[in-house]
1. Over the chain, what portion of Cα pair distances is larger than 26 Å, expressed as a whole percent?
2. Test of understanding: what is the full-extension gain from residue 225 to residue 155, defined as 0.36 nm times their sequence separation minus their Cα-Cα distance?
3. In square nanometres and to one decimal, what's the mean projected area of the convex hull around the Cα atoms of segment 168-227?
4. With charges only on Cβ, +1 for K and R and -1 for D and E, what is the dipole size of the chain about its Cα centre, in debye, rounded to 20?
5. So which aspartates and glutamates can residue 226 reach, going by Cα to Cα under 16 Å and dropping same-chain residues fewer than 8 places off?
6. What percent do you get for the relative contact order of the chain when only Cα pairs under 8 Å and 6+ apart count?
7. With a Förster radius of 25 Å, plug the Cβ-Cβ distance of residue 88 and residue 39 into 1/(1 + (r/R0)^6) and report the FRET value to the nearest 0.05.
8. With labels modelled as points extended 7 Å from the Cα through the Cβ direction, what inter-label distance (nm, one decimal) is found for residue 78 paired with residue 61?
Amino acid sequence: MPNTKKTFDSISSRYDLINNIISFGTHLRWKKDFINLLEFNGEVLDIATGTGDIAIMIKDEYPRTTVTGLDPSEGMLKVANSRKGKRAKIRFVQGYCEKIPFPDSSFDFVTITFGIRNTVSVVRSVKEIGRVLKKGGQLLIMEHTKNESVHFVVKFLYKIYLHLFIPFVGLLFGKLSEYKYLASSIESFYTPKEVNSILERNGFKVESNIGCNLNLITIHVANNIKS
C-alpha cells in the first residue's frame, strides 16, 4: 500500500472537483442518504473526513451535535477547515483510524465513508473505533465493496470504469498514479459479508447492510456491544 497520507495531501486541492467528476455528481446524494439513516445526537466522530462533507452535513442537519472530523491528511483538513465557516461545535483533527487520539468511550456515533479500505489495518481500525465509541453507540460505514450478486454486465462495465475512466480523469489532473491506486483499492476490498465478519468479531452487532449504486457500494449499520 502506498503512503495514503501523501496521496491524499497531493490531491486535496482538486479532490472535491474530481469526486464530482468520477461519481457523475452523485456522491453528495449518497452521503445525504447515508446521514439520514440515523438521528444523530451527542458526540459524533467522522473518520477519514477528507474535506469535511459528512461532518458538515451532520452538523447542518443536527445542529445540537458536536462533530469531530478526523483525517491523516493535512491538505484535506486545510480544505475542510476553510469550508466549515462559522459553524460552532465542529472541529477537524489530524490522526489515523488505527490510533484515534481520543479517550475510551468518547463518542455516541462514528461514521466513515469511503475511507476504511485505505487504512493500514481494517481490523485494528475497527478495534479502535470500538474503543472510542460508547457502549450502545452506533457505527455507520459506507464503502465500495465486492459483491458477487452483481450482474456480470455491471461487473464488466465497472471494471472499465475503475481501470480506464478513473485513471483517465486522474491523468487529466496530473494525478494518474494516485487515482490508479484508488481504483485498485476499490477492486481489492472486502465483500459485505467479510466486513460484517470483521465487525462482529470485534465487538459490534451488525444491524443492517444497505446496497447502493447497483450494490457496488454498501452501507453497514452496527451497534457497539462491548462489555
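The values are calculated or read from the model by the stated rules, or taken from the named source; none is laboratory data. This structure is a prediction, so every number in the text was calculated from the model and none was measured. Because the Cβ atoms are built from the backbone with ideal geometry, glycine has one as well, and the counts that use them run over all protein chains shown. Heavy atoms of the whole protein, side chains included, go into the accessibility calculation; ligands, DNA and RNA do not. Shrake-Rupley method; radii C 1.70, N 1.55, O 1.52, S 1.80 Å.
1. 33
2. Numbers: separation 70, 0.36 × 70 = 25.20 nm, distance 3.56 nm.
Full extension of this stretch gives 21.6 nm more.
3. 5.4
4. Numbers: 31 positive and 22 negative charges, 63 e Å.
I would put it at about 300 debye.
5. Once the sequence-local aspartates and glutamates are set aside, what remains near residue 226 is 104, 108, 128, 200, 207.
6. Details: 406 pairs, mean separation 41.2, N = 227.
Once normalised by length, the contact order is 18 percent.
7. Numbers: r = 20 Å, r/R0 = 0.80.
My answer for the efficiency is 0.80.
8. 3.0
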